[in-house]
Amino acid sequence: MKDKIIFSIENDLCPVASAIKVIEGKWKLPIIWVLCQNGTLRYNELRKSVVGITNMMLTSSLKELEASGLIKRVQFNEIPPRVEYSLTKAGEKLLPVLDELAKWGEQLIK
């Protein structure tokens, strides 16, 4: 008899759990999607593009996504300061998955 598969988000060896941990939360996928659709954006452009997000949540989510290696933050030493965000190669690898999720979402809407 085949053993049942048990899913636990705490299981570091489960690839699905590992992926979910990186993108979990209300705002990370919208941020990734906006960067995918628009390319490199400055902080305020990103904030305006993710409707409903607070400054605190955007800052927190960006830090977590950067720590996970999905986005890149470039700070320019200018006055006024300028910071740009873009997807890394690892972040770009998530795009085909998001495209499939978008197609599935379109089917659900219909």
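The values are calculated or read from the model by the stated rules, or taken from the named source; none is laboratory data. On a predicted model such as this, the values are computed, not experimentally measured, just so you know. Don't worry about glycine lacking a Cβ; one is built from the backbone with ideal geometry, like all the others, and counts go over all protein chains shown. Note: areas computed on protein heavy atoms with side chains; ligands, DNA, RNA excluded. Shrake-Rupley method; radii C 1.70, N 1.55, O 1.52, S 1.80 Å.
Between LYS93 and GLU78, what is 0.36 nm times their sequence separation minus the Cα-Cα distance? Round to one decimal in nm.
Working: separation 15, 0.36 × 15 = 5.40 nm, distance 3.17 nm.
So the extension gain works out to 2.2 nm.
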To the nearest 10 square angstrom, how much accessible area does GLU66 have with a 1.4 angstrom probe? 80 Å²
Show the residues, 5+ positions off or on another chain, whose built amide H is closer than 5 Å to the amide H of LEU87. LYS72
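Taking only DSSP H segments of four or more residues, each worth -39500 (n - 2.57), what value at 222 nm results for the chain once the sum is divided by all its residues, to the nearest 500 deg cm²/dmol?
Details: 6 runs with 59 residues, N = 110.
Calculated from helices alone, the mean residue ellipticity at 222 nm is -15500 deg cm²/dmol.
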Go through (i) 44, 36, 18; (ii) 67, 36, 25; (iii) 59, 35, 34 and flag the label whose value is the computed Cα extents along the principal axes in Å for this structure. (ii)
Debye, to nearest 20: dipole size of the chain, +1 on Lys, Arg Cβ, -1 on Asp, Glu Cβ: 160 debye
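From Cα pairs below 8 angstrom and at least 6 apart in sequence, can you work out the relative contact order of the stretch 12-63, rounded to a whole percent?
Numbers: 20 pairs, mean separation 17.3, N = 52.
Result for the stretch 12-63 is 33 percent.
Could you do me a favour and compute the accessible area per residue for the chain, 1.4 Å probe, result in Å²?
Numbers: 8140 Å² over 110 residues.
Accessible area per residue: 74 Å².
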Counting only protein heavy atoms and a 1.4 Å probe, tell me what percentage of the chain's accessible area is made up of carbon and sulfur. 58 percent
Percent RCO, i.e. relative contact order, over the chain, from Cα pairs under 8 Å lying at least 6 residues apart: 22 percent
Judged on accessible area alone, 1.4 Å probe, highest first, LEU101, LEU94, LEU13 line up as LEU13, LEU101, LEU94
